[in-house]
Amino acid sequence: MSILIKNIKEIVQAEDNPQRMVAGKAMSHINTVKNGWIFIVGNRIQDFGIMPVPDDILRQLDSGSSTIDASGKMVFPSFCDAHTHLVYAGSREIEYIDKIKGLSYEEIARRGGGILNSAKRLHDTGEEELVAQAMERLNEIMLFGTGAVEIKSGYGLNVKDEIKILRVIRILRSLSPVTIVPTFLGAHAVPAEYKGRQGEFVDMVISEMIPMVASEGLADYIDVFCDRGFFTIEETDRILAAGAKYGMRPKIHANELDYSGGIQVGVKHNALSVDHLEFTGDKEIECLLGTETMPTVLPGAAFFLEMVYAPVRKMINAGLPVAMASDFNPGSSPSGNMQFILSMACIKYRMLPEEAINAVTINGAYAMGLNEDYGSIARGKVANLFITKPIPNLSFMPYAYGSNKAGQIILNGKVVN
Ligand code: NIG
Ligand code: FE
């Protein structure tokens, strides 16, 4: 099985020497190949170059090969969405109305809405139905260009339901062509039955949930909603230390609601990523510089909750890398459309289109531990890419917000639409 894509107007993020991630000034550069071709064999990119297609590639075509003429169209590596909660039951438009009327995210949470509302719905919904709902969301984001996605648990809030949501994620991995990275988020909110006994809930996460999740091999990463009104630094510290014993590296929610110390505790535990970061100051930037932790920003949540936006310009100017994800979830960002995320990034963070595209491709891949195989068009990487509709240039991708610029989607070397 092979696919030759020829006459490509421009291949975006084509790398001869794959980078692990890009930081600072380098984020404003994207290597492209104009008038190019890409040759896919099996599930991998074998080669790419400038037209005409060389003879030794043409000689490899056989009856199992297909050729796609991409005249006037560009090729992008699939987006890597490193932070979502896309397994959830139903939706929460009621809170949306409350928000419009002026209630804050924290006020809604205090009234038993928010995460607790989704936990109740998840509890009442069967596994099959959860799979069906999540598959619909996965298909939707796939058609907007996402090829790899992290999915968190976190709507269980008790052992049984956390295992249930993680098993759903495992089923999705076998059903969807989108690559899925599972993260355990036991400490997402304190359930009603533990009200006033948050410490005991944390003890339960550590002594019951983590060992159980690890014994079934249900998660690669561990997350905590470390923020004002949710879990403290000390609690986060304990949970991350416990997760490390079972080989789960942190990817945590940090500094969404305050300068809460989440970034520092994440870096202390060598988190692969710290996410949200609306409240990031000089101290936090200093703490992140030179570490292996990817700062990951989620403009969809800031937009939907009308919060301050993370100071991305300042972070990049200081030399940090930045990844960007959708945060697809029913409460703070009910969309996984990474093309819209790109548009928001350019307008709200003042990112250049190149910086934004780096943030959702190679840096997003890094933030899921997938950069060796995903996040760019490079020889030997998994063939996860999409051919755009006819578009004039790469800046058109964030510019033409709202419309879907992705056309034919190729995942694992197969056309999926
Ligand atoms: O990333 N911040 C914590 N968790 C999610 C929201 C989850 C929800 O409201 O259901 C977030 O914004
Ligand atoms: Fe989140």
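The values are calculated or read from the model by the stated rules, or taken from the named source; none is laboratory data. Since the structure is predicted, the reported quantities are computational estimates derived from the model, not experimental observations. Because the Cβ atoms are built from the backbone with ideal geometry, glycine has one as well, and the counts that use them run over all protein chains shown. All accessible areas refer to the heavy atoms of the entire protein, side chains included, with ligands and DNA or RNA removed. Shrake-Rupley method; radii C 1.70, N 1.55, O 1.52, S 1.80 Å.
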task: Scan the stretch 57-88 for residues that are crowded, with 22+ Cβ neighbours inside 10 Å and part of a loop (DSSP other than H, G, I, E, B) and report the count.
output: 9
Condition met for GLU278 (modelled with pLDDT of 95 or more and within 13 Å of ligand 2 (Cβ to nearest atom)): yes
field: Yes/no for LEU122 being open to solvent by less than 40 Å² (accessible area, probe 1.4 Å), within 16 Å of ligand 2 (Cβ to nearest atom) and under 24 Å from the mean Cα position of the chain (by Cα)
entry: yes
query: For ILE115, are the conditions met, namely being open to solvent by less than 40 Å² (accessible area, probe 1.4 Å), closer than 26 Å to ILE222 by Cβ and touching a strand residue (DSSP E or B) at 6+ places or on another chain (Cβ under 9 Å)?
result: yes
- request: Specify which of the listed residues (ILE222, ILE210) is more than 16 Å from ligand 1 (Cβ to nearest atom) and over 27 Å from SER104 (Cβ atoms).
  value: ILE210
query: Counting only residues that are open to solvent by less than 10 Å² (accessible area, probe 1.4 Å) and either modelled with pLDDT under 95 or of a type in the set (Val, Ile, Thr) (or both), how many does the stretch 5-34 have?
result: 5
statement: Taking the stretch 309-327 and the residues there that are assigned to a loop (DSSP other than H, G, I, E, B) and open to solvent by 10 Å² or more (accessible area, probe 1.4 Å), the one that is nearest to LEU130 (Cα to Cα) would be TYR309
- request: Pick out the one residue from LYS283, LYS348 that is basic (Lys, Arg) and free of Cβ contacts under 8 Å to residues at least 40 places away in the same chain.
  value: LYS283
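When you scan the stretch 240-250, do you find a residue that is within 18 Å of PRO311 (Cα to Cα), within 16 Å of ligand 1 (Cβ to nearest atom) and at pLDDT 95 or above, even just one?
Checking the stretch 240-250: not a single residue is within 18 Å of PRO311 (Cα to Cα), within 16 Å of ligand 1 (Cβ to nearest atom) and at pLDDT 95 or above.
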Lone unmet requirement of (1) part of a helix (DSSP H, G or I); (2) surrounded by fewer than 17 Cβ atoms within 10 Å (Cβ to Cβ) for ILE163: (2)
message: Out of the helices (runs of 4 or more DSSP H) lying entirely within the stretch 193-270, which hold 1 or more residues that are touching a helix residue (DSSP H, G or I) at 6+ places or on another chain (Cβ under 9 Å), open to solvent by less than 10 Å² (accessible area, probe 1.4 Å) and within 16 Å of ligand 2 (Cβ to nearest atom)?
response: 233-245, 262-268
